[in-house]
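Before any comments, here is the structure.
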Amino acid sequence: MSASHSECVPAGTYSIRSDQKGSLKAYLGTCVGVVLLDRISHVGGLMHLLLPEPPSPDNPWQPESYASTGLPIFIEALAAAGAQIDRLEAFVAGGALTGRLSETDLFLDIGGRTTDVVMDVLRRYGIAVKRSETGGLFNMVIEVAFAVGDCSIEPMVAAPAASDSNAKKPSREEIIQAAARIRAVPQVALKIIRMISDDYHSMIDIAAEVRQDQVISARVLSLANSAMIGWNDTIDSVDEALMVLGEKAILRLVVSASMELFFPESERGYSQCKGRLFHHAIGVGLVAEQLARVTGKSDPGVAYTAGLLHDIGKVVLDHFVAENIPLFYRLTRSGTVGLERAETEILGIGHSEAGSMLTSLWHLPGNLIEAISYHHTPEKAPSEHKLASIVCLADFLVSRFWVNREMEHHGTFEITALLDLLELSPDQIPAIVDSIAWHALSGDLNIRHEDF
């Protein structure tokens, strides 16, 4: 199968094929994936549903995101492409809790409600469900291969074959040495991070810093002249690029581009797939920024930066995790043991503490270090519990609604206590989820214009 014909369908969208080539797939946690196939006309597709219905039924901003409105659109689009509705076969997956929640958190079974709506719509259209793997505690991947005309539904992460008989816990000194070996952050990134954190930055300041870094300058100009911007004239200076892109886009671009180099590309550590750890960081940054806007509890730029850096401690520990993957799998596969607890038991340190260690070496602002240190336990943060809570909630939502193959498990999670810290109520969760452009979190996130 040609990689060029393989497509990952983001949340809130669907894709249809009629050429019998390649495949479509979706990574699913709380979201629900629906594959519909007409084997005679060779038309089929995959829809990645986010929520059961619009939080505001009178004004659904993206109807493809919801089972109640999106699935009928998908079915009619398949019919327009040549499928016959009474010949369609359905495959349904996802809708998981992806972790045991307390009894008071059952409102978060959004996936279960989405599954119910999906089944109701399929019954209404008379479409038979050939296979359904929904609910439970595990992330799934659904994939339809058009060459063979069939659909597979599998757990996201298979059990590693390696033995853990030679597992060895690293010493504290080895962890410290690993942190010390991490390369230094480019000065332009550090300066802009501090500008954001201090709420002291201007277009003039940013332009001056960007001009001093040839790599960042080149990326800024490349983005400014891309077709996605749609600017008619050639942009040949950083100052002009800043005027076109705006301050917010440049802040994100510079920090994200600088930090991308730090995240490991290993397929054996946290990511389990090249690039996923960085993409998860970008996703949490974008969602944290939106949460900061919705709640008014933090500056959006600071929240984005804290979200981007929240898992930077994994850079320190990635090598040690790769050496102990079977142990991590055994502890976390039930969904009841969080990743931090598994790290502490196996390595003697969690990634939050490792992140605090690394960012202290980098002399980052104290509010960011504290948010990174307590992003799994914001209630313990000495002074930045609002920022840490925003990052924690963003991390939680990304793990449920924008699943990739990184190894992240929250375990037992008291979401209501977190919402209390942010002065949010449980019934606001669907609207918050709905406000996030999940489909924009796919692809090369740090250079796509719509993401900025």
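Just to be sure I understand, how many residues within segment 416-433 are at negative phi and in contact with a Lys or Arg (Cβ under 9 Å, 6 or more places away or on another chain)? Let's see the steps before the verdict.
Step one: list which residues in segment 416-433 are at negative phi, which gives 416-422, 424-433.
Restricting the remaining residues to those that are in contact with a Lys or Arg (Cβ under 9 Å, 6 or more places away or on another chain) gives 421-422, 433.
Going through segment 416-433 one residue at a time, the tally reaches 3.
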Open item on the list: Can you tell me which of (1) at pLDDT below 90; (2) outside any loop (DSSP other than H, G, I, E, B) is the one LYS274 doesn't meet?
Closed with: (2)
TODO: Determine if segment 25-41 includes at least one residue that is in contact with a strand residue (DSSP E or B) (Cβ under 9 Å, 6 or more places away or on another chain), surrounded by fewer than 17 Cβ atoms within 10 Å (Cβ to Cβ) and outside any strand (DSSP E or B).
DONE: yes
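Please find, among ALA303, ALA292, ALA322, the residue that is small (Gly, Ala, Ser), assigned by TED's automatic domain parsing to the domain that holds ILE372 and surrounded by fewer than 24 Cβ atoms within 10 Å (Cβ to Cβ). Walk me through how you get there before you give the answer.
On the way: ALA303 fails: surrounded by fewer than 24 Cβ atoms within 10 Å (Cβ to Cβ); ALA292 fails: surrounded by fewer than 24 Cβ atoms within 10 Å (Cβ to Cβ).
Testing whether each residue is small (Gly, Ala, Ser), assigned by TED's automatic domain parsing to the domain that holds ILE372 and surrounded by fewer than 24 Cβ atoms within 10 Å (Cβ to Cβ) leaves just ALA322.
Does THR359 satisfy the condition of being polar (S, T, N, Q) and crowded, with 22+ Cβ neighbours inside 10 Å?
In short, yes.
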Open item on the list: If I go through segment 355-381 residue by residue, how many of them are over 15 Å from VAL316 (Cβ atoms), out of contact with any His (no Cβ under 8 Å at 6 or more places or on another chain) and aliphatic (A, V, I, L, M)?
Closed with: 2
- [ ] Quickly run through segment 246-270 and pick out the residues that are modelled with pLDDT of 70 or more and part of a loop (DSSP other than H, G, I, E, B).
- [x] GLY246, PHE262, PHE263, TYR270
Open item on the list: Of everything in segment 171-185, what is surrounded by fewer than 20 Cβ atoms within 10 Å (Cβ to Cβ) and modelled with pLDDT under 75? Give them in sequence order.
Closed with: ARG183, ALA184
TODO: Kindly indicate whether any position in segment 344-359 is within 25 Å of ALA96 (Cβ to Cβ), in contact with a Ser or Thr (Cβ under 6 Å, 6 or more places away or on another chain) and outside any helix (DSSP H, G or I).
DONE: yes
- [ ] Give the residue that is surrounded by the fewest Cβ atoms within 10 Å (Cβ to Cβ), with candidates limited to residues of segment 92-134 that are at pLDDT below 90 and assigned to a loop (DSSP other than H, G, I, E, B).
- [x] SER102
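Specify the residue that is farthest from LEU37 (Cα to Cα); the eligible residues are those in segment 137-155 that are modelled with pLDDT of 70 or more and part of a loop (DSSP other than H, G, I, E, B). Break it down stepwise before answering.
The initial filter retains those residues of segment 137-155 that are modelled with pLDDT of 70 or more, namely 139-155.
With part of a loop (DSSP other than H, G, I, E, B) added as a condition, the list becomes 139, 146-149.
Details: ASN139: 23, PHE146: 9, ALA147: 12, VAL148: 12, GLY149: 8 Å.
So the residue we want is ASN139.
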TODO: For segment 376-402, name all the residues that are closer than 22 Å to ILE436 by Cβ and among the hydroxyl-bearing types (Ser, Thr, Tyr).
DONE: SER389, SER399
- [ ] Determine whether segment 396-413 contains at least one residue that is in a loop (DSSP other than H, G, I, E, B), within 18 Å of the chain's Cα centre (by Cα) and modelled with pLDDT of 80 or more.
- [x] no
Open item on the list: Which pairs turn up if I take residues in segment 122-134 that are of a type outside the set (Ser, Thr, Tyr) and look for partners that are surrounded by 14 or more Cβ atoms within 10 Å (Cβ to Cβ) and part of a loop (DSSP other than H, G, I, E, B) with beta carbon separation below 6 Å, at least 6 apart in sequence or on another chain?
Closed with: ILE127/LEU88
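Step by step: first the residues of segment 367-395, then only those that are touching a residue at least 12 places away in the same chain (Cβ under 8 Å) and small (Gly, Ala, Ser), then the one that is surrounded by the fewest Cβ atoms within 10 Å (Cβ to Cβ). Which residue is that?
Quick first cut of segment 367-395, residues touching a residue at least 12 places away in the same chain (Cβ under 8 Å) only: 367-379, 382-395.
Subsequent filtering for residues that are small (Gly, Ala, Ser) retains 371, 373, 383, 388-389, 394.
Numbers: ALA371: 33, SER373: 25, SER383: 10, ALA388: 30, SER389: 28, ALA394: 27.
Only one residue fits best here, namely SER383.
On the given criteria, is ILE229 at pLDDT 70 or above and hydrophobic (A, V, I, L, M, F, W, C)? Step through it out loud before you land on a result.
Numbers: at pLDDT 70 or above: no; hydrophobic (A, V, I, L, M, F, W, C): yes.
When the stated conditions are applied, ILE229 does not pass them.
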TODO: Return the only residue of VAL321, VAL315, VAL294, VAL284 being part of a helix (DSSP H, G or I) and at pLDDT 90 or above.
DONE: VAL284
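The values are calculated or read from the model by the stated rules, or taken from the named source; none is laboratory data. Because the structure is predicted, anything quoted here is derived from the model rather than measured. Counting neighbours? That spans all protein chains shown, and the Cβs are built from the backbone with ideal geometry, glycine included.
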